[in-house]
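As C-alpha cells, the structure follows; a few thoughts come after it.
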Amino acid sequence: MDKRLPKEITENKWIRLALRLIPFVPFLSVLWVKTSLDNDTYWIIKTGEYICKNGIPTKDFLTIHSNMDLVVQQWLSDIIYYKAYDLFGVIGPLLIVMLAMLVFAGLMYKLCMMMTNNSIRSSIASLLTCASMSSFFVTRPQVFTYCIILIELICLEKYIKDGKIKHLIALPILSVAVVNLHASMWTMLFIFLLPYLANALPIKIKGKSVSCCKILPLIITALIMIPCGMITPYGIKGLSFIFTTSIGDKVNSSINELKPVVLSKSPGDLFMFIIPVLIIACYLIHKSGKTTPRFVLLSIGTGAMMMVYRKLGAYFMIAAVPAVIYYLNDIDIIGYIIKMNEKAKAKPKKDEKNNVPLLVTLICVLVFGILIYSFVGFGIDVNEFVKEGGANESLDEVIYAMDADIKENPVDELRLFNGFNSGGYLEFKGYKTYIDQRADSFVEEANNDFDYLTEYFDVKTGNVYFKQVFDKYDFNYAIVDLNTEAPLYSQISNNDDYTLVFESEDYALFRTVK
C-alpha cells in the first residue's frame, strides 16, 4: 500500500482486505466463459477418440472421402478434449476452457505487473482483457495458444529485465507445445518475437540506442524454435501443412473468422473497431507517457492482423493492453487521490459534506450485486447446458426423422449429403459425412486427393447443378441447411428424383425416389 495515503485509508481494515483481494479480481472472468460447445468441438472429440483407440491417422476417417491425406494439426488438443468429455461428460470440455481462462487471467495479471508494478492497474487491465476475449474462449484449441503466447511474452520481458539467458529456455519448449496443440498458430510465436528482435538491434535513432538487450541469444533461440516445430507425429508435414492450406483464398473465403473486419452493425465488428480507437485515444490524450519500440511494433502489427483476419483480435488484445499499461504507468492516481483529499480538508466546515462512507457503501453494494448476479446467471447457464447434454436440437430432429425413414425404407448403405456446418455434429453422432468444418482438410493442396471444399460451395450456391455431384457419390439422403443452402434446397425441391421427408425451420431432409 502506498505510504502517501492518509491513515484513515491505510488503517481501515475493510480497505486493507479489499486491496489484498484485488489480485484475484481477474479470475472472476471465468464467469464469462460461454456455456456451450463450439461447433468444431464435436469433430474434435471424435478425432480425439479415434487417436486414443487407433493412433495418429494419416487418412481421413470421419467422411466418405477415405482417400484424403490427413494431418490432424491439433491432435494433442483433440485428445485433451476427448479425455475431458470421456471423464466428465459434456461438462468436461467446458471445464478445460474455464481452467484455461483462469490460467490466462493469472498470466495476464503477471505480465501487467511487470509493466506497472501496481496491483490495482494490473487487475483492472487483466479483467478488461479477459472480458474482451470472452468470445474467443470457446471449446477449441486456441485457448491453449493464448496462454502459451502470454508465457512467451513473460519470458521475453524477464530476459530484457535482467539479461539472463535462462528465461529463453522455455521458448523452444513452447514451440513444441504449440505445434502439437494448435499447429496453425505456430507462426504466432515468431510474430510476437519479431518486435523483441527489432528492439534488440544495436542501432541508434536520434543518437539514442534502441537496444533493450543482447540480440544474439534471441536469434539463437529463434533458430532452435524452428526445428522444435517439427517435433510432431507427422514430422515436418505437421508444420508444412499450415502453409499448403494457405494457398489462394479457398479456405479464408469460406470461414467468417478468417475474413477481414468490416465496419457494420455487428457487435463483434463494432467492438474490433472501438477497442483500437480507445487505445489510440489513450496515446493521444496522455502524451507524456513512455513506450518502447517493441510495444509499438506489437500493437501495430497485431492490430493490422486483426483487421485482415478477425479471429486474430485476441492476439491484438494480448499485445496491446500490456503496452498501454506500460505507457500510462506515469499517471499518479494515488497522488491525485491525496490532492483531492487535501482539497476536501481545506474547505470550510460549513461546506464540508462527508459523502465518502455513502459512496463506498454504494460501490460495495453495486459490486456485490454484480457478483451475485454473475454467479447465479453462470450457475443457471451451466445447469441448462448439462441438461441439454451438448445436443443440437435442430439437427437431432432431422437425424430422428432420417433414422425413422430408413426403418421404413431400408438402404444397403447410407450415403449422406450434408453441409459445412452440420458435418461435425453428424460425425459426433456416428455418421459418415460429405464435408465438415475442417475447411483446410478439404482442399486438394492439403489432402492430395480432390478439392471437395470448392465442389461443396459450387453445389451450395447453385454454380453446379446438384445432380452432377449427388450422382457422383450416389447420395440417397441429403440434409440441407435452409439458412445457408437455399439455392440447393430450391434445386432439389424441383427434382423428381428426390422427395422431401422432413422439414423444420433450419433443415430439410430429402431422400432419393427409386
Check on LEU94, buried (at least 22 other Cβ atoms within 10 Å of the Cβ) and in contact with a strand residue (DSSP E or B) (Cβ under 7 Å, 6 or more places away or on another chain):
no
Conditions first: (1) in a helix (DSSP H, G or I); (2) free of Cβ contacts under 8 Å to residues at least 24 places away in the same chain. PRO57 passes all but one, so which condition is the exception?
(1)
Counting only residues that are touching a residue at least 24 places away in the same chain (Cβ under 8 Å) and either farther than 16 Å from SER240 by Cβ or of a type in the set (Gly, Ala, Ser) (or both), region 62-73 contains a total of 6
Residue list for region 204-215, filter: more than 17 Å from THR291 (Cα to Cα) and at pLDDT 85 or above:
LYS214, ILE215
If we keep only residues of region 108-136 that are in a helix (DSSP H, G or I) and within 14 Å of VAL30 (Cβ to Cβ), then the residue modelled with the lowest pLDDT is ALA131
Six or more apart or on different chains, Cβ atoms under 8 Å: show the pairs whose first residue is in region 458-480 and modelled with pLDDT of 95 or more and whose second is buried (at least 16 other Cβ atoms within 10 Å of the Cβ) and small (Gly, Ala, Ser).
PHE470/ALA478; ILE479/GLY419; ILE479/SER422; ILE479/ALA508; VAL480/GLY419; VAL480/ALA508
Residue among ILE173, ILE160, ILE149 that alone is in contact (Cβ under 8 Å) with a residue 60 or more places away in the chain and assigned to a helix (DSSP H, G or I):
ILE149
In this structure, is ILE224 modelled with pLDDT of 85 or more and over 23 Å from ALA446 (Cα atoms)?
yes
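May I ask you to say which residue of LEU62, LEU28 is at pLDDT 95 or above and assigned by TED's automatic domain parsing to the domain that holds SER134?
Values: LEU28 fails: at pLDDT 95 or above.
Exactly one residue qualifies, and that residue is LEU62.
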Neighbours by Cβ (under 7 Å, 6+ apart or cross-chain): first from region 401-420, farther than 20 Å from ASP474 by Cβ and outside any helix (DSSP H, G or I); second polar (S, T, N, Q) and at pLDDT below 95:
PHE420/GLN437
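The values are calculated or read from the model by the stated rules, or taken from the named source; none is laboratory data. Because the structure is a prediction, the values reported are computed rather than measured. With ideal geometry, Cβ positions are generated from the backbone for all residues, glycine too; neighbour counts draw on all protein chains shown.
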